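Reading through the structure tokens given below for one structure.
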Amino acid sequence: MESNKVAVIGAGLMGNGIAQACASAGYDVVNIDTFESAIEKSKAAVEKLFSRKVAKGSMTEEKKAEVLGRLTYSSKFEDVKGAFLVVEAVPEKIEIKKDTFKKVDELADAETVIVSNTSGLSISEIASVTNRPDKVMGAHFFYPAPVMKLLELVRGLVTSDETYETVKGFAEKIGKTTVDAPEFPGFMVNRILVPMQNEAAFMVMEGSKPEDVDNAMKLGCNHPMGPIELTDFVGIDTMLATMTGLYNGFHDSKYRPCPLLETMVKSGMLGKKSGLGFYKYDEKGNKIGSNF
Ligand code: CAA
């Protein structure tokens, strides 16, 4: 399909970053979210990030204006029209994903490819609610999406070669390196990474200090962030949803989610985005101390 337009559904942490990455690479992007408040928050976050880059000298004012000029927002699903690619980045709940795919399938052009940024749900199951399962696949970004180099490509049972090539071409244009990940819970990275974060949460539950667990992995293994810090960074709810997906998907007790994570999510401690997680954060998102 001849088009330079990408539609990103969802203006949360991931959708916002994916939209930025696409606009920075030269695509015309519409970031769609039915919640006006999410759109406003997303716009403000991009503006703030780009202004920081300009102040730091890693982005020019011209580049900032150019990229922001290619990035539009909408609260209407109808605006997927004309996009050669739709990237879904809504919350990690199968019913929300399926509902979104049904709507997009009805409104997008017949040739449009639709990818899910799911971090581990079944692509074939999501594709099954559309009339174009061959044009559906997984494209899993990592947080922060504009920075992280990897894109996991996940084919569903009936994803066509043409769809795969379209998404691979898109990945190259936005500067990502791809890996072919299996369509099993957690795909490739999260199946390794998230159980490590879960184990780290168990250690905090047993009495270890978050700083000690983080320093152990930063200084002992050269990880850029410790597993506890990373859990706060991506969102405790997101991490717990992925862990629960592994547990339910493999039916294996080795993936049992740490109860502390469940209690934290139930009490609204979601990590950096809510101001409180394993650590405490000020209103600017700076870490100001430990919560355990
Ligand atoms: N959005 C966009 N850009 C961001 C950003 C964000 N949220 N956070 C940082 N950046 C950019 C900065 O603007 C900066 O860009 P410039 O160099 O152009 O100015 C660059 O990233 C470096 O930022 P900083 O200098 O502020 O910080 P840093 O050097 O410490 O790097 C980091 C920050 C890239 C996040 C680094 O700490 C890191 O790599 N952390 C590990 C991240 C990780 O493991 N991600 C995977 C999470 S798991 C996942 O995503 C799976 C899932 O399914 C949820």
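The values are calculated or read from the model by the stated rules, or taken from the named source; none is laboratory data. Everything numeric in this text was worked out from a predicted model, so none of it was measured. Don't worry about glycine lacking a Cβ; one is built from the backbone with ideal geometry, like all the others, and counts go over all protein chains shown. Accessible surface areas use protein heavy atoms only, side chains included; no ligands, DNA or RNA. Shrake-Rupley method; radii C 1.70, N 1.55, O 1.52, S 1.80 Å.
Inspection of region 243-257 finds no residue satisfying the criterion of being under 22 Å from Ala45 (Cα atoms) and of a type in the set (A, V, I, L, M). Applying the criterion of being aliphatic (A, V, I, L, M) and under 16 Å from the mean Cα position of the chain (by Cα) to the residues of region 182-197, the residue that is farthest from Glu152 (Cα to Cα) is Val194. In summary, strands (runs of 3 or more DSSP E) completely within region 90-196 and bearing 1 or more residues that are within 11 Å of the ligand (Cβ to nearest atom) and of a type in the set (D, E, K, R) occur at 150-155. Every residue in region 144-159 that is within 22 Å of Arg132 (Cα to Cα) and not charged (D, E, K, R), please. Matches in region 144-159: Leu153, Val154, Gly156, Leu157, Val158, Thr159.
Going by the conditions given, is Gly69 modelled with pLDDT of 95 or more and surrounded by 15 or more Cβ atoms within 10 Å (Cβ to Cβ)? Against the criterion (modelled with pLDDT of 95 or more and surrounded by 15 or more Cβ atoms within 10 Å (Cβ to Cβ)), Gly69 does not qualify. The helices (runs of 4 or more DSSP H) located wholly in region 202-266 that include 1 or more residues which are of a type in the set (Lys, Arg), open to solvent by 40 Å² or more (accessible area, probe 1.4 Å) and away from the ligand (no atom under 16 Å from the Cβ) occupy 259-266. I'd like to know if region 32-44 contains one or more residues that are under 22 Å from Thr166 (Cα atoms) and either outside the structural domain of Gly235 (by TED's automatic domain parsing) or under 17 Å from the mean Cα position of the chain (by Cα) (or both). So far as region 32-44 goes, yes, one or more of its residues are under 22 Å from Thr166 (Cα atoms) and either outside the structural domain of Gly235 (by TED's automatic domain parsing) or under 17 Å from the mean Cα position of the chain (by Cα) (or both).
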